[in-house]
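Peer 1: Please read through the structure below; I'll follow up with questions.
Here, each number is a calculation from the coordinates, and none is a lab measurement. It should be emphasised that the depicted structure is a prediction, and the values quoted were computed from it without experimental measurement. Cβ sites come from the backbone with ideal geometry, for glycine too, and all protein chains shown count toward neighbours.
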Amino acid sequence: MSDAKERQFLIDGMTICAKQWGDAGIPAIALHGWLDNAASFDTLAKVLPELQILALDMPGHGLSDHKPASGNYAIWDDLRFVLGVAEQMGWSSFVLIGHSRGAMMASLLAGAAPERVSHLICVDGLVPMPEAPENFPAQLGRYLKDFAQAGSSDKGHPNFAAALAARRAATPMSEFAAQLIVERGSYCDPNGRVFWRSDRRVKLASPVKLSFAQLQANMAAISAPSLLIIADQGLGRWLPKLPVNLLERFEIKHIEGDHHCHMDEQATEMARWIKEFLGVCG
């Protein structure tokens with residue numbers, strides 16, 4: 001497969017950037033994890049030539065615009081951008097691939113707009129940790145406090161190596177995977193100091209966290225064939241402990257590796273599973 005081409009979409013007055021692999025094949029939209037970007041899918045996309053993969057930089061990540069001052073980064077608020085991109089691509093339905101935070105968004109969208117998602121593929125993520133309803137006031141209070149103090153600036157890192165080390169310290173991953181993410185997700189000032197492109201508000205508290213009952217209702221609304229890949233040393237290790245009725249429609253695969261193993265050599269095995277799941281040759 002040839003290298004990806006860069007794409008831009010104007011959605012609700014914001015520029016959403018993406019990487020596209022292939023001009024034909026099964027349409028697929030890929031959603032990256034928290035503080036990652038479209039480069040998260042570089043490795044996996046190259047071993048899935050049967051798919052036309054469009055990996056998005058979600059708002060506030062990668063090369064995409066930050067949200068306006070009044071915006072927030074609750075995961076459900078970003079679903080409009082996914083559907084907006086699909087509309088501009090002319091895709092009435094598509095495969096949805098999500099990693100980590102992107103997997104949470106993918107499962108929400110598959111339940112809320114089941115007619116749009118032909119197949120759901122979640123990598124080391126599925127649903128956010130449910131929150132008890134009685135904790136709603138405290139969660140909303142954290143959101144209000146966080147956003148009131150959101151003006152602090154990014155002090156940056158002295159060089160690319162320091163930024164790379166900081167990213168790997170925040171989320172353990174291979175140096176190769178971190179380099180892909182940091183290259184797209186950072187920039188240098190004239191003095192060579194490295195700053196993150198991501199919006200600092202991505203790290204702030206969400207206004208609301210979903211309850212178990214809400215998550216259960218959404219999962220029950222998913223009609224697409226669904227595949228869940230769990231990394232044995234990843235952040236999704238707790239997912240098999242979810243009630244059986246939340247996972248009953250999923251084909252579940254376990255793979256050796258950390259949270260970002262889809263960016264490393266494990267991508268080849270994942271691609272084989274995905275092809276089998278979608279019923280394509282290769």
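Peer 1: Given H placed 1.01 Å from N in the peptide plane, which residues other than close sequence neighbours of residue 118 have an amide H under 5 Å from its amide H?
Peer 2: 94, 95, 96
Peer 1: Find how much the distance from residue 149 to residue 76 grows on full extension, using 0.36 nm per residue of separation minus their present alpha carbon separation; answer in nm with one decimal.
Peer 2: Roughly 24.0 nm would be gained on extension.
Peer 1: Select from 34, 109, 139 the residue farthest towards the positive end of the dipole of the chain; place +1 on Cβ of Lys and Arg, -1 on Cβ of Asp and Glu, and compute about the Cα centre.
Peer 2: Sorting the options by dipole projection puts first 139.
Peer 1: I'd like the distance separating the alpha-carbon centroids of the stretch 212-282 and the stretch 13-39, in whole Å.
Peer 2: Comparing the Cα centres of the stretch 212-282 and the stretch 13-39, I get a distance of 19 Å.
Peer 1: For every other residue with a beta carbon closer than 15 angstrom to the beta carbon of residue 210, add +1 if it is Lys or Arg and -1 if Asp or Glu, then tell me the sum.
Peer 2: Cβ neighbours under 15 Å give a net charge of -2.
Peer 1: With only Lys, Arg, Asp and Glu charged, each at its Cβ (+1 for the first two, -1 for the last two), find how big the charge dipole of the stretch 45-92 is about the Cα centre; round to the nearest 20 debye.
Peer 2: 40 debye
Peer 1: Right, here's the next one. If you count the DSSP beta bridges with both ends in the chain, what percent of them are antiparallel, to the nearest 5?
Peer 2: If we restrict to bridges inside the chain, about 35 percent are antiparallel.
Peer 1: Whole-Å semi-axes of the stretch 90-231's equivalent ellipsoid, largest first, each the root of 5 times a Cα gyration tensor eigenvalue?
Peer 2: Over the Cα atoms of the stretch 90-231, the ellipsoid semi-axes are 32, 23, 13 Å.
Peer 1: Which one, 211, 260, 180, projects farthest toward the positive side of the charge dipole computed for the stretch 131-265 from Cβ point charges (K/R +1, D/E -1)?
Peer 2: 211
Peer 1: With label points built 7 Å along Cα→Cβ from the Cα atoms of residue 254 and residue 208, find their separation and express it in nm.
Peer 2: Placing both labels 7 Å beyond Cα along the Cβ direction yields 3.6 nm.
Peer 1: Hey, another quick one. Loop by DSSP (not H, G, I, E, B), at most 10 other beta-carbon atoms within 10 Å: where is the longest site-free stretch of the chain for GluC sites (Glu not before Pro)?
Peer 2: 116-247
Peer 1: Shifting gears a bit: With +1 on each Lys and Arg Cβ and -1 on each Asp and Glu Cβ, how big is the dipole of the chain about its Cα centre, in debye rounded to the nearest 20? Walk me through the numbers before you get to the answer.
Peer 2: On the way: 26 positive and 31 negative charges, 126 e Å.
The dipole magnitude comes to about 600 debye.
Peer 1: Sticking with this one: Suppose every K and R has +1 on its Cβ and every D and E has -1 on its Cβ; what is the size of the dipole of the stretch 164-282 about the Cα centre, in Debye to the nearest 20?
Peer 2: 580 debye
Peer 1: Pick out, in residue order, every one of the trypsin sites (Lys or Arg not before Pro) in the stretch 91-161 that is DSSP loop and has at most 10 other C-beta atoms within 10 Å; say none if there are none.
Peer 2: Values: sites: 101, 116, 142, 145, 155; in loops: 116, 155.
Answer by residue number: 155.
Peer 1: If the limit is 27 Å between Cα atoms, which of 145/209; 46/209; 203/275; 46/155 go over it?
Peer 2: 46/209; 203/275; 46/155
Peer 1: Find how many whole Å separate the alpha carbon centroid of the stretch 104-150 from the alpha carbon centroid of the stretch 156-177.
Peer 2: Value for the Cα centre distance between the two parts: 27 Å.
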